[in-house]
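Visitor: Pasting a structure here, questions to come.
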Amino acid sequence: MWQAIFQIIPIMAWAVSVLVVVRPLRLQRTHALFAIAALGVAFGKFAFFALVGGNGFTPDLPQEVIWAYGWLYGSAMLLTMFAFIAALFDVVVGLARHPVAVRTKRVRAVVLAAVAVLVAMWGLWEGVCIPAVRHVEIACPGLPPSFDGYRIVHLSDLHCSTAARRTRFENIVARVNSLKPDLVAITGDFVDGTVAERGEDLAPLADLRAKDGVVGCTGNHEAYWEWSRWRVALEGWNVLFPESSGVHVVRRGDDALAIGGLVDPAFGLIGTDRGFAMSAFNGAPKGAFRMLLFHRPLTELIDSMGGDVRLQLSGHTHGGAMLVLRTLVERKNEGRSRGLYEFAPGRYLYLSPGTGQWAGFPLRLFTPAEISELILRAPQPTK
């Protein structure tokens, strides 16, 4: 279904671009046909990838080719959006009997095209560069004093693919290890591809170092790419999945941090007993501070409050990817897109905007990826 949707959307966008970009310019027939064809090529990214690279989302092509076509596709999308807004303006001034001259429209089209290309270039850079570290302190009521200052590096949505290969993950791992975390947590969407195709690219995860280990949970993309084999590979690289192996307990003396995980709804498990937060902590020590890994930033659906979750780590949204999409993303995710949220008094969810970017749309526009360093703080004793 998704393959079909991502073939239909570009066709619709191309049709709109012909109406709002080309038609108002009143070009000569040859020039108009050339412009229509050029936009068709730009919007034909998924079809080209499927035809030449064997897969519309993760084609077997050099990553530079994937990036370049993503830039072209993003430029065309942005130009169409800008031109649509301009067309609405033209309608308004036309109703006021002040029509915009064709020459003005042509100059404006050139300017909008240049802006679209530059903005798409910036978006591509934000999508493929090695993410910066964001430091966040979280005051956690109920956190035992022995865990004060506990440092978690949170990664999410790595999306290893033909557009994000081994060198990228070597650099991310080096940056994570330089932080010397107590724990590394990876909240899903590790990869787009099979173990045979992408195993060598994602293998640097085996070099992650943290005092209390590396834990993870599944994302929706794990449901698309032979998860049973990926689980064996990732566990071989010392990534532990509490959602399947059981609650992971970290101790500091008599105090305990219980880390639970839930399977992503793409596996069809939400709505069963395994789908709610309480079930993630079967066997957790009594009184332990509970931290939940769940790919999607949902707390009401899984009853995080009822599961006594004090801190939840999630991803999935990519921060909204771009400003115009953020509202739509938040509608599907209980009003959340990125950052720290208090979902109940004294209970927090940290939503990573992602550490990678999906190959199907490698652009990020003013919503940069990040490596999140979360520092937990216990309440200070009153004097």
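The values are calculated or read from the model by the stated rules, or taken from the named source; none is laboratory data. Here the structure is a predicted model, which is why all the values come from computation and not from measurement. Note: ideal-geometry Cβ built from the backbone for every residue, glycine included; neighbour counts use all protein chains shown.
Visitor: Which condition breaks for L349 when tested against (1) under 27 Å from F43 (Cβ atoms); (2) in contact with a strand residue (DSSP E or B) (Cβ under 8 Å, 6 or more places away or on another chain); (3) free of Cβ contacts under 8 Å to residues at least 60 places away in the same chain?
Guide: Going through the list (1) under 27 Å from F43 (Cβ atoms); (2) in contact with a strand residue (DSSP E or B) (Cβ under 8 Å, 6 or more places away or on another chain); (3) free of Cβ contacts under 8 Å to residues at least 60 places away in the same chain, L349 breaks only (1).
Visitor: Go through segment 91-111 and give me each residue that's of a type in the set (G, A, S) and surrounded by 11 or more Cβ atoms within 10 Å (Cβ to Cβ).
Guide: The answer is G94, A109.
Visitor: Further question on the same structure: Residues L349, L376: which one is modelled with pLDDT of 95 or more, assigned to a strand (DSSP E or B) and under 18 Å from the mean Cα position of the chain (by Cα)?
Guide: L349
The rows are residues; the columns are (1) out of contact with any strand residue (DSSP E or B) (no Cβ under 6 Å at 6 or more places or on another chain); (2) closer than 17 Å to A369 by Cβ.
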{"site": "V128", "(1), (2)": "yes, yes"}
{"site": "R134", "(1), (2)": "no, yes"}
{"site": "H154", "(1), (2)": "no, yes"}
{"site": "L183", "(1), (2)": "no, no"}
{"site": "G188", "(1), (2)": "no, yes"}
{"site": "A210", "(1), (2)": "no, no"}
{"site": "G219", "(1), (2)": "yes, yes"}
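Visitor: Next question, about the same structure. Would you please list the contacts, defined by Cβ atoms under 7 Å and residues six or more apart or on different chains, that run from a residue in segment 83-103 that is assigned by TED's automatic domain parsing to the domain that holds A13 to a residue that is part of a loop (DSSP other than H, G, I, E, B)?
Guide: D90/V100; V93/P99; V93/V100; V102/R26
Visitor: Let me ask something else about it. Looking at segment 287-304, I want the residues that are assigned by TED's automatic domain parsing to the domain that holds P141 and have a partner that is part of a loop (DSSP other than H, G, I, E, B) and among the polar types (S, T, N, Q) with Cβ atoms under 6 Å, at least 6 apart or on another chain. Which pairs are those?
Guide: Once the first residue is assigned by TED's automatic domain parsing to the domain that holds P141 and sits in segment 287-304, its partners that are part of a loop (DSSP other than H, G, I, E, B) and among the polar types (S, T, N, Q) give P297/N333.
Visitor: Exactly one condition in (1) more than 20 Å from I375 (Cα to Cα); (2) buried (at least 20 other Cβ atoms within 10 Å of the Cβ) is not met by G283; state its number.
Guide: The number of the failed condition is (2).
Visitor: Considering V324, V329, V309, which residue is surrounded by fewer than 20 Cβ atoms within 10 Å (Cβ to Cβ) and either part of a helix (DSSP H, G or I) or in contact with a Leu (Cβ under 8 Å, 6 or more places away or on another chain) (or both)?
Guide: Only one candidate qualifies: V324.
Visitor: Considering only segment 319-336, I want to know if a residue exists there that is at negative phi, in contact with a helix residue (DSSP H, G or I) (Cβ under 8 Å, 6 or more places away or on another chain) and of a type in the set (D, E).
Guide: Yes: one or more hits.
Visitor: Have a look at T317, T299 and point out the one that is over 30 Å from L79 (Cα atoms), surrounded by 21 or more Cβ atoms within 10 Å (Cβ to Cβ), out of contact with any Pro (no Cβ under 6 Å at 6 or more places or on another chain) and not basic (K, R).
Guide: After ruling out the rest, the residue left standing is T299.
Visitor: Write out, first by first residue and then by second, each pair whose Cβ atoms fall under 7 Å of each other, whose residues are 6+ apart or on separate chains, and whose first residue, in segment 319-334, is modelled with pLDDT of 85 or more while the second is surrounded by 14 or more Cβ atoms within 10 Å (Cβ to Cβ) and of a type in the set (D, E).
Guide: So the pair list comes out empty.
Visitor: If you don't mind, another one. When E197 is evaluated against the numbered criteria (1) at pLDDT below 95; (2) more than 28 Å from G54 (Cβ to Cβ), which criterion, by number, is the only one it fails?
Guide: (2)
Visitor: Checking F289 against (1) among the aromatic types (F, W, Y); (2) at pLDDT below 90; (3) more than 25 Å from V133 (Cα to Cα), which test does it fail?
Guide: (2)
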